[in-house]
Amino acid sequence: MLRNMKYNIIKILIISIIVLFVGFESNAQKTAIYDQPSEYYQSGLALFNKHQFGASQQLFKKTINEIKDPYSIMRINAEY
């Protein structure tokens with residue numbers, strides 16, 4: 001009986017650790033590089049540097065519409 005109880009405790013502990021790691025892993029997958037506003041801004045900046053001003057302006061407008069914080073540096077740069 002004592003052996004079964006130890007086995008159950010170890011099993012619960014291992015499952016708990018696995019669940020914690022899976023939770024941390026799913027949070028770690030979301031990085032700023034893949035955020036839509038950042039993607040729009042970076043693409044717009046690349047087009048601007050290639051002197052494709054009309055296309056870059058459209059991407060900067062998308063950036064502005066996606067970022068709600070009026071004090072965001074990325075939004076301010078896109079507005080400029």
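Being in contact with a Lys or Arg (Cβ under 6 Å, 6 or more places away or on another chain) and at pLDDT 80 or above, is that true of even one residue in segment 15-26? No; the residues of segment 15-26 include none that is in contact with a Lys or Arg (Cβ under 6 Å, 6 or more places away or on another chain) and at pLDDT 80 or above.
Against the conditions (1) farther than 30 Å from PHE53 by Cβ; (2) assigned to a helix (DSSP H, G or I); (3) at pLDDT below 65, ILE33 satisfies every one except (1). Whether a residue is in a helix (DSSP H, G or I) and at pLDDT below 90 was assessed, and ILE64 does not pass this test.
The values are calculated or read from the model by the stated rules, or taken from the named source; none is laboratory data. Only a predicted model underlies this, so the values are computations on that prediction, with no experimental measurement involved. Note that each Cβ is placed from the backbone with ideal geometry, even for glycine, and that neighbours are counted across all protein chains shown.
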